[in-house]
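The structure under discussion appears below in the form of structure tokens.
No value in this document is a laboratory result; all are computed from the given coordinates. Since we're looking at a predicted model, the values are computed, not measured. Positions of Cβ are backbone-derived with ideal geometry, glycine not excepted, and every protein chain shown enters the neighbour counts.
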């Protein structure tokens, strides 16, 4: 799906912190969207979290820095981090080059399956997600975010 | 903004100017604003300031021309020049000025004067608004000041935020909130835990030291609220020593806070490079031998402004197998990294150009590691090295030390 020139694969689930998740063998693979990486610019550093840490939905699990911005990555669901993409330690730009594949960030074992139901599914509430992205884009352009 | 040709015309074609162009009240106000400011009258226009200034190439009116305009009381032209916003406040001009004029301090005063007359510069208004709301430079919630501790592995009896401790480690906004330099506080706490130091962080209670207010032309008095808050939080911990890894915070604590609070702070303030030498000499920390050639960049706020140049070098020499190769410009003659004076916020391109020049000087030494003792120098130099594809590793000395500890104990980054 294309929203304002940003790419959002339809098989993924999205949260309202510009993250995506994909169910993969009982765990959730997570990363950030094309909108996130384009808005942030060239990523120069990501502090990868330790495997084994527990995270809460909506709370920061990592920090990220681009040439023009610094921010937090927030957990799409609560659970335990079971794997991290250590390639990003040395090659953070993978997040720009392939936010949905080589730039994945963590894998989470979810604590509460019902949190997954609360995520955006493009074939179900894609219109609602489009409105959300358009609103976020507007806020950024107006300097409100 | 006045360009160079117009600046020349303004100075050389005085026949076109009438007496209203010269406001000596403006001149006198500037001279009275800083100690020894009156020395500006003795400026001989030698150009040492312009020749030393790392940002001069990005200025339409050079520092030398600016001082002449100030000498002539040409307020309008000075305000239009606006080059004081390009100043990285590195103070190399001040060190090299043959007349001993406090040029860097007058530059900062010009920012204040501009702000009073014209209102805050847009980008500066933005940072002030963020500081006012969040008390840090990114606008993060206070709890995010501790995100860098998330990856530390602690022993059950170890704690980083305690009610009471003899030492407070004042982490600073950049080290607390910019992940590119998280390794500095992580390394610091690792070393302090290893050495058995009774220390604490202020955690959510820590506020920005207030420096960005100075850089934004708000004047020293604007820091009073920040000074009061931070000192109160430190004293509530019962601490006798404040340990600082950020040279700018150190400068503000040592040089600005006593002025705005009206006297001695009642606590000893030290940069880690001063504090660690004794710990190492007393055998509290031991190192493995690891051959490496390093060069060292003196941060402006630590070297020129706080006169701490030998302690970092002594620390480097205490590391077995490490060889220090000096750069051409070192100690009080060190060139700027481009990251000071809010310049990165105001003109990121110019900041990066300045940093690239410094990286080039480091490469001349053929060192493997480019060490510094400042999180902002590390960020700007590392980003420049990355852009240049330079094969040199940029480290803060604190990280370099932590990697060489013989048997890491306590929290590990």
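Report the label-to-label distance for residue B:261 and residue B:391 in nanometres (one decimal), using points 7 Å from each Cα along the Cα→Cβ vector.
Going from the residue B:261 label point to the residue B:391 one covers 4.9 nm.
Rounded, prolate or oblate: which fits the stretch B:260-342, taking a ≥ b ≥ c as square roots of the Cα gyration tensor eigenvalues, rounded meaning a/c under 1.5, else prolate when a/b beats b/c?
Verdict is oblate for the stretch B:260-342.
Taking the square root of 5 times each eigenvalue of the Cα gyration tensor, what semi-axes in Å does the equivalent ellipsoid of chain B have, largest first?
Equivalent ellipsoid of chain B: 39, 24, 18 Å, largest first.
Using a Gaussian network model of chain B whose springs link C-alpha atoms within less than 10 Å, name the residue from B:59, B:154, B:124 with the highest mean-square fluctuation.
In the Gaussian network model the winner is B:154.
Quick check: the distance between the Cα centres of the stretch A:103-129 and the stretch B:56-133, to the nearest angstrom?
The stretch A:103-129 and the stretch B:56-133 have Cα centres separated by 51 Å.
Viscosity 0.890 mPa s, temperature 25 °C: give me the Stokes-Einstein translational D for the stretch A:85-145 in µm²/s, with Rh taken as the Kirkwood radius over C-alpha pairs.
After rounding, the answer is 171 µm²/s.
Return the average number of partner chain Cβ atoms within 10 angstrom of each residue Cβ along peptide B:147-156.
Whole-number average of other-chain Cβ neighbours for B:147-156 is 3.
Under 10 Å, Cα contacts only: if you run a Gaussian network model on chain B, which one of B:55, B:233, B:384 comes out with the highest mean-square fluctuation?
Residue with maximal mean-square fluctuation among B:55, B:233, B:384: B:233.
When a footprinting reagent is the concern and you count Cβ atoms within 10 Å, what order do A:48, B:398 take, fewest first?
With the fewest neighbours first, A:48, B:398 line up as A:48, B:398.
By its C-alpha gyration tensor, with a ≥ b ≥ c as the square roots of the eigenvalues, how is the stretch B:287-403 shaped: rounded for a/c under 1.5, else prolate for a/b larger than b/c, else oblate?
prolate
Using alpha-carbon pairs under 8 Å, 6+ residues apart, how would you state the relative contact order of the stretch B:127-278 in percent?
Contact order relative to length: 26 percent.
Once the Cα gyration tensor of the stretch B:4-119 is found, what semi-axes does its equivalent ellipsoid get, as square roots of 5 times the eigenvalues, in whole Å, sorted largest first?
20, 16, 14
Would you work out the relative contact order for chain A, in percent, from Cα pairs under 8 angstrom that are 6 or more residues apart?
About 25 percent, as a whole number.
Choose one answer from A:62, A:114, A:130: the residue with the largest mean-square fluctuation in a GNM of chain A with alpha-carbon springs under 10 Å.
For chain A, modelled as a Gaussian network with Cα springs under 10 Å, the answer is A:114.
Using all Cα-Cα distances in the stretch B:127-278, what percent lands in each 10 angstrom bin from 0 up to the longest?
Histogram of Cα-Cα distances, whole percents per bin: 11, 44, 36, 9, 1.
Taking the Cα centre of each part, how many Å lie between the stretch B:279-353 and the stretch B:253-274?
Computed from Cα coordinates, the inter-centre distance equals 22 Å.
Is there a simple number for the mean count of other chain Cβ atoms within 10 Å of the Cβ of residues in A:41-53, and what is it?
Mean inter-chain Cβ contacts per residue within 10 Å come to 3.
Quantify how strongly other chains surround peptide A:63-73 by giving the mean number of their Cβ atoms within 10 Å of each of its Cβ atoms.
So the per-residue partner count for this stretch is 5.
In whole Å, what three semi-axes, largest first, describe the equivalent ellipsoid of the stretch A:42-129 built from its Cα gyration tensor (square root of 5 times each eigenvalue)?
The equivalent ellipsoid of the stretch A:42-129 has semi-axes of 23, 17, 12 Å.
May I ask what percent, to the nearest 5, of DSSP beta bridges between residues of the protein assembly as shown are antiparallel?
Percentage antiparallel, nearest 5: 60.
On a C-alpha basis, how far is the centre of the stretch B:172-213 from the centre of the stretch A:1-50 in Å? Whole number, if you could?
Centre-to-centre distance over Cα atoms comes out at 30 Å.
Hey, what number do you get for chain B at 222 nm if only DSSP H runs of n ≥ 4 count, each worth -39500 (n - 2.57), divided across all residues, to the nearest 500?
Value at 222 nm, helices only: -12000 deg cm²/dmol.
Roughly speaking, what is the stretch gain from residue B:36 to residue B:278, that is 0.36 nm per residue apart minus the C-alpha to C-alpha distance, in nm to one decimal?
Full extension from residue B:36 to residue B:278 adds 83.5 nm.
Jot down the per residue volume, in cubic angstrom and as a whole number, of the convex hull over the alpha-carbon atoms of the stretch B:81-209.
163 Å³
With only alpha-carbon pairs counted, each pair once and no self-pairs, how large is the Kirkwood hydrodynamic radius of the protein assembly as shown in angstroms?
Evaluated on the protein assembly as shown, it is 25.4 Å.
Kindly express, to the nearest 10 degrees and within the range 0 to 90, the angle between helix B:272-281's C-alpha long axis and the longest C-alpha principal axis of chain B.
Taking the Cα atoms of chain B, the angle to B:272-281 is about 30 degrees.
Only residues of the stretch B:295-326 count here: report those whose backbone N is under 20 Å from the spot 7 Å along Cα→Cβ of residue B:357, or say none.
Zone members listed by number: B:296-305.
For chain B, what relative contact order do you get, as a whole percent, if you take Cα pairs closer than 8 Å and at least 6 residues apart?
17 percent
How do B:392, A:108 line up, fewest other C-beta atoms within 10 Å first?
In order of increasing Cβ crowding within 10 Å: B:392, A:108.
Given that compact globular proteins tend to follow 2.2 N^0.38 Å, what is the ratio of the alpha-carbon Rg of the stretch A:28-87 to that value?
Working it through for the stretch A:28-87, the quotient is 1.11.
Just grab the label-to-label distance for residue B:368 and residue A:111, each label 7 Å out from Cα along the Cβ direction, in nm (one decimal).
Simple spin-label model gives 4.3 nm for this pair.
For B:36, B:140, A:137, what's the fewest-to-most ordering of other Cβ within 10 Å of each Cβ?
Final ranking by Cβ density, sparse to dense: B:36, A:137, B:140.
Within the stretch B:309-339, name every residue whose backbone N is under 17 Å away from a label modeled 7 Å from Cα of residue B:289 along the Cβ vector.
Counting only backbone N, you get B:317-324.
What percent antiparallel are the DSSP beta bridges of chain B, to the nearest 5?
Counting only bridges with both partners in chain B, antiparallel ones make up about 10 percent.
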